[in-house]
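Enquirer: Shown below is the structure under consideration.
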């Protein structure tokens, strides 16, 4: 079973953010979605967990139409999907252990000793053993990201959604987070959907890469395929060179 986005449209007032975006995330893969700021990447993620509903089109998670689910069914679906927020979104008043165990308390059915053991396991997976009693203010940016990832995997989700997981981090810490994303797939078998602007990170963690541009899917392929693409919009983005488009247009005009 997979995540499928089919002809997704979403507007906010006069701003048409998604204009027929379609994508399938294959079971067991890590797929990264690139795109300029404001292109709708976070909007796309919020549709998958039912925080937004499409104006047109549909989102299917394991065959269930997310936009048509009753609230209880939506809660059940969200247990399958872990969400790693861009800024970690930890609760400042809670310890690391309490932040990580929050979802387990909400799901219910676990004894306190079971929750403590699961929290310990998750912190071990993200290399934060011994941090249980610390508070978010005592953590570095990278440690907060890892604590957010530990919280996301605590309920043993099938899918992990990563919203800009390396934003604001130094190169070494980015590499650590990328290694953890790979670890989630290799050791836990989690299917991952990553949104990022960071090309180095995208190349490291992705089985496939898509580009969201002007509300539609502009590109989909492997890291090697995107490196070799001749699409001028994609090349301008991955090379960080807005003048690429201007040079391309000039070359075409001269050739004609």
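Coordinate-derived values only; no laboratory data. Quick caveat, the model's predicted, so the values are computed rather than measured. Methodologically, a virtual Cβ is constructed for each residue, glycine included, from the backbone with ideal geometry; neighbour enumeration extends over all protein chains shown.
Enquirer: Which residues in the range 56-88 have a backbone N closer than 12 Å to a point placed 7 Å from the Cα of residue 207 along the Cα-to-Cβ line?
Expert: Output list for this probe position: empty.
Enquirer: What FRET efficiency, computed as 1/(1 + (r/R0)^6) with R0 = 22 Å and r the Cβ-Cβ distance, is obtained for residue 24 and residue 105, rounded to the nearest 0.05?
Expert: In this case the efficiency is close to 0.05.
Enquirer: Please state the shape class of the range 37-107: rounded when a/c is under 1.5, otherwise prolate if a/b exceeds b/c and oblate if not, all from the C-alpha gyration tensor.
Expert: Oblate, because a/c is 1.5 or more while a/b does not exceed b/c.
Enquirer: Checking a compactness column here: for the range 73-128, what do you get for Rg(Cα) / (2.2 N^0.38 Å), N being the number of residues? Intermediate values should be presented prior to the final figure.
Expert: On the way: Rg = 11.9 Å, N = 56, 2.2 N^0.38 = 10.2 Å.
Here the answer is 1.17, to two decimals.
Enquirer: Please compute the Kirkwood hydrodynamic radius of the range 1-144 from all pairs of different C-alpha atoms, in Å with one decimal.
Expert: Evaluated over the range 1-144, this radius sits at 17.4 Å.
Enquirer: May I ask for the angle, rounded to the nearest 10°, between helix 112-125 and the longest principal axis of the chain, with both axes built from Cα atoms and the value confined to 0 to 90°?
Expert: So the helix axis and the longest Cα principal axis differ by about 40 degrees.
Enquirer: I've got another one for you. Evaluate E = 1/(1 + (r/R0)^6) for residue 79 and residue 112, where r is the Cβ-Cβ distance and R0 equals 22 Å; express this FRET efficiency to the nearest 0.05.
Expert: Computed FRET efficiency for residue 79 and residue 112 comes out at 0.65.
Enquirer: Ranked highest first by the average count of other Cβ atoms within 10 Å around their residues, in what order do 107-114, 137-144, 161-168 fall?
Expert: Ranking the peptides 107-114, 137-144, 161-168 by packing returns 161-168, 137-144, 107-114.
Enquirer: Follow-up question, since we're still on this one. If I histogram all Cα-Cα distances within the range 92-156 using bins 10 Å wide from 0, what percent of pairs lands in each bin?
Expert: 25, 58, 16, 1
Enquirer: Highest GNM mean-square fluctuation, the chain, Cα pairs closer than 10 Å: which of 233, 84, 17?
Expert: 233
Enquirer: Between residue 93 and residue 187, what length in nm is gained on full extension when 0.36 nm per residue of separation is reduced by their alpha carbon distance? Let's see the in-between values first.
Expert: Values: separation 94, 0.36 × 94 = 33.84 nm, distance 3.14 nm.
Value of the extension gain: 30.7 nm.
Enquirer: Over the chain, what is the mean sequence separation of C-alpha contacts under 8 Å (at least six apart), divided by residue count, expressed as relative contact order in percent? Walk me through the numbers before you get to the answer.
Expert: On the way: 451 pairs, mean separation 63.1, N = 256.
Value for the chain: 25 percent.
Enquirer: Would you calculate the separation in nanometres between label points at residue 72 and residue 16, each defined as 7 Å from the Cα along the Cα-to-beta-carbon direction?
Expert: Each label point lies 7 Å from its Cα, and together they span 4.0 nm.
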